[in-house]
Amino acid sequence: MNGVEKVPEEIYNPFQHRKVEKPNSDIRSTANLIKASLGSGLLAGPLAFANAGWGVGIIGTIIIGIICGHCIHILVKTSRGCCIIEKKPSLGYAETCKSAFQNGPKQFRRYANVASVFAEFSLLSTYVGVCCIYTVLISDSVKQLVDRYFPYSIMPVEYYCLIILVPLCILCQIKYLKWLAVFSILANVLLVATYLVCLYYIFKDSVTFADKKAIGNPARYPAFISTVIFAMEGIGVVMPVENEMKKPKNFLGCPSVLVVAMTVIVFLYSTLGLFGYFKYGDVLRGSITLNLPIDDWPAVCAKIFIVLSIFFTYPLQFFVVIDIFTKYTAPYVKEKYGLTIQTIARTVGVCCCVGIGIALPLLEQIINIVGAFFYSILGLIIPGIIETVFRWDNLGKYNWILWKNAFIVTFGLGSLISGCTVTIMDIIEILHSKTE
């Protein structure tokens with residue numbers, strides 16, 4: 001049986017069988033979803049608009065936001081359909097991929113395990129990359145402040161990555177999303193405060209757009225798309241958030257947790273990206289806060305706010321990494337050693353993410369690589385494929401679901417190939433210039 005339509009929902013309602021230890025309210029779930037997407041990606045918005053031009057930037061941001069939101073929608077809907085068929089209360093991202101193939105056409109069922117392993121690997125790689133980006137952004141911001149006010153102790157950014165290692169290890173010991181939601185709400189408040197300070201500096205003096213490009217260099221469009229996808233996507237946190245909601249039905253629909261979250265994300269990203277580009281033009285860095293003046297107290301506050309916001313968000317992103325580890329190790333770990341193993345695993349995991357950040361502290365390029373490669377696979381290609389497979393016998397009139405998902409997968413592949421190509425060329429150019 002394929003598709004939700006063939007299995008009456010009254011036969012098995014997964015929501016009635018969920019037993020969540022610490023369920024989340026709609027507000028907390030919305031906060032987690034917004035914070036999973038926004039962060040360093042939001043602050044990279046002006047740089048993305050500089051790559052695309054302000055006209056292409058606005059239209060592109062809205063279109064990509066709709067596509068990303070739709071992919072989250074079809075992932076959750078497919079997961080619920082799989083839960084009904086398999087009579088399970090909830091499924092994770094990789095479990096949904098496996099179930100979609102297992103309950104799809106016979107010719108696809110042999111790929112179920114491959115789909116699951118591929119999804120797990122994509123999740124792990126994506127969120128390790130996100131944690132690396134957060135490490136570099138925090139370190140860059142702290143270094144900028146310390147270099148200004150303590151010029152006698154100037155150190156490379158790699159040293160700051162090591163300094164924040166211990167507090168990150170401590171914060172990542174938090175186990176439950178319900179507790180992380182408190183940090184997410186606080187991080188969202190700090191991020192909005194940073195957003196407002198950025199707008200203050202943008203509109204402090206006259207903003208001119210006469211010399212700004214409405215249509216940028218097409219060769220830089222892949223970098224724009226990669227950055228926007230990175231900012232919009234929080235798909236790895238979607239299933240944990242939906243599975244731990246007190247009222248999971250409120251995740252989809254209109255209005256819903258998903259609609260509210262994506263609307264806020266698109267609005268904040270497009271406004272900051274547009275006006276940030278108008279203000280600073282083509283001299284933008286990977287985070288707009290790095291362009292703010294270092295001597296004014298509002299700017300200093302913004303830099304501190306973003307450090308704290310990203311710091312408080314780090315365990316939410318790391319939750320996906322440790323969740324995958326726990327899934328594969330829990331059956332082999334005795335209960336009395338469970339807490340010790342978890343503590344060690346979380347500490348080692350953070351050390352690995354910080355280590356990668358130290359090895360390649362190029363903020364703009366890491367953002368583009370993660371957006372182009374990992375989020376294109378995780379947020380666009382996989383959801384399009386699994387919905388198609390799951391609904392193979394019911395693809396709608398004129399097979400519109402097939403054509404729609406073919407467009408999404410093609411868009412994802414195009415973003416992956418072009419974005420990675422442009423970013424790798426940028427990295428080579430940067431490394432080459434450093435050796436000269």
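Here, each number is a calculation from the coordinates, and none is a lab measurement. Just so you know, these numbers come straight off a predicted model, no measurement behind them. Cβ sites come from the backbone with ideal geometry, for glycine too, and all protein chains shown count toward neighbours.
Apply the Debye scattering formula to the chain, with a single equal point scatterer on each alpha-carbon and no solvent, then give log10 I(q)/I(0) at q = 0.09, 0.10, 0.14 Å⁻¹. Rounded to two decimals, the profile gives -0.56, -0.69, -1.34. For the range 174-239, the alpha-carbon coordinates run over 50, 32, 13 Å along the three principal axes, in decreasing order. Over the chain, dividing the summed -39,500 (n - 2.57) contributions of all DSSP H runs of at least 4 residues by the number of residues returns a 222 nm mean residue ellipticity of -23000 deg cm²/dmol. When you filter the GluC sites (Glu not before Pro) in the range 151-256 for DSSP loop state and at most 12 other Cβ atoms inside 10 Å of their Cβ, nothing is left. For the chain, excluding the exposed loop sites themselves (chymotrypsin sites (Phe, Trp or Tyr not before Pro), DSSP loop, at most 15 other Cβ atoms within 10 Å), the longest remaining stretch covers 210-436. Counting beta carbons within 10 Å around each of 98, 327, 212, 35 and listing the fewest first gives the order 327, 212, 98, 35. Rg and Dmax over the alpha-carbon atoms of the range 41-92 stand at 17.0, 49 Å.
Pairs exceeding a 21 Å alpha-carbon distance, out of 35/246; 246/334; 178/334; 175/303: 246/334; 178/334; 175/303. Of the options 113, 129, 224, report the single residue whose Cα projects farthest towards the positive end of the charge dipole of the range 95-237 (beta-carbon charges: Lys, Arg +1; Asp, Glu -1). The listed residue farthest towards the positive side: 113. Distance between the pseudo-spin-label points of residue 11 and residue 117 (7 Å out from Cα toward the beta carbon): 3.1 nm. Using alpha carbon centroids, what distance separates the range 15-83 and the range 303-338, in Å? If we compute the Cα centre of each part, the gap is 20 Å.
For the pair the range 180-242 and the range 390-432, the centres of their Cα atoms are 22 angstrom apart. The trypsin sites (Lys or Arg not before Pro) of the range 40-90 that DSSP puts in a loop, and whose beta carbon has at most 14 other beta carbons within 10 Å, are 87.
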